[in-house]
1. How about the stretch 98-119: which of its residues are of a type in the set (S, T, N, Q) and closer than 17 Å to residue 11 by Cα?
2. For the condition within 12 Å of the ligand (Cβ to nearest atom), at pLDDT 95 or above, open to solvent by 30 Å² or more (accessible area, probe 1.4 Å) and among the aromatic types (Phe, Trp, Tyr), what is the one hit in 23, 15?
3. Closer than 30 Å to residue 147 by Cα and at pLDDT 95 or above - does that describe any residue in the stretch 52-73?
4. Of these, 111, 147, which one is modelled with pLDDT of 95 or more and out of contact with any Cys (no Cβ under 9 Å at 6 or more places or on another chain)?
5. Just checking, which of 81, 92, 101, 39 is under 20 Å from residue 165 (Cβ atoms) and without any contact (Cβ under 8 Å) to a residue 40 or more places away in the chain?
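The values are calculated or read from the model by the stated rules, or taken from the named source; none is laboratory data. Small disclaimer: the values here were computed from a predicted structure and weren't measured. Cβ: placed from backbone, ideal geometry, glycine included. Neighbour counts: every protein chain shown. These area figures cover heavy atoms from the full protein model, side chains too; ligands, DNA and RNA do not enter into them. Shrake-Rupley method; radii C 1.70, N 1.55, O 1.52, S 1.80 Å.
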Amino acid sequence: MNKSIESLLNDQIGYEANASMHYLAMASWADENGYNGVSEFFYNQSEEERAHMIKLVKFVNERGGKVVIPALDKPKPEFESLNELFEDFLRSEMFVTEQISHIIFECLNKKEYNVHNFMQWYVTEQLEEEAVARTLLDKLNIIGDDKSGHYLFDRDINAIATSVDQE
Ligand code: FEO
C-alpha cells in the first residue's frame with residue numbers, strides 16, 4: 001500500500017475513534033440530564049463509529065499495511081443544551097466527510113483503486129449520517145426553548161433518525 005495512503009487511513013482510524021468517544025461523552029451527558037432517547041441515540045452512534053474504526057483497522061491489515069492505533073483527544077464533558085450537542089454532532093460528521101473526500105482524492109492521485117473502492121462505503125455512510133444530523137438539528141431549531149418540544153424530541157429521536165436513514 002502506498003505509504004501516504006496508509007498514513008491517511010491511520011489518521012482516519014483516529015478520527016473515527018475520536019468520534020466514537022465524543023459521542024459516548026454526549027450519550028453520557030444526555031443520560032445524566034434525563035434525555036433517555038438522545039442518550040440511546042448517541043450510545044448507538046458511538047458503537048457505529050467504533051465499527052467504522054475497526055473496519056479500517058482490518059482493511060489496512062488485510063492490505064499488508066501497518067496500523068498505528070493513535071492516542072485520543074479528551075472529549076468535551078459538558079454541553080449547554082441539546083442544540084449544542086447536535087451542532088457538535090453535525091460539525092463532527094462534516095469534518096469526517098471532508099477527511100474521507102481527501103482520502104478519495106489522494107487514492108485517485110496515487111492510483112490506489114482498491115482503497116478508493118473500499119472508501120465508497122464510507123462516502124455512503126457519511127451522506128446518511130450528515131442527513132440525520134441535519135434533520136435533527138433542524139427540528140431542534142424549530143422547537144427552540146420549548147421544554148415540551150424537547151420532551152417530544154427526546155421521545156421520538158430514534159424514530160426520526162430511522163426514518164431519515166430509510167429515505
Ligand atoms: Fe464514521 Fe460518522 O464518521
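1. Step one: of the stretch 98-119, the residues of a type in the set (S, T, N, Q) are 99, 101, 109, 114, 117.
Within the stretch 98-119, 99, 101 qualify.
2. Residue meeting the stated conditions: 15.
3. Initially, the stretch 52-73 is screened for residues closer than 30 Å to residue 147 by Cα, giving none.
Looking for residues that are closer than 30 Å to residue 147 by Cα and at pLDDT 95 or above, one finds none in the stretch 52-73, hence no.
4. 111
5. Numbers: 81 fails: under 20 Å from residue 165 (Cβ atoms); 92 fails: without any contact (Cβ under 8 Å) to a residue 40 or more places away in the chain; 101 fails: under 20 Å from residue 165 (Cβ atoms).
It is 39.
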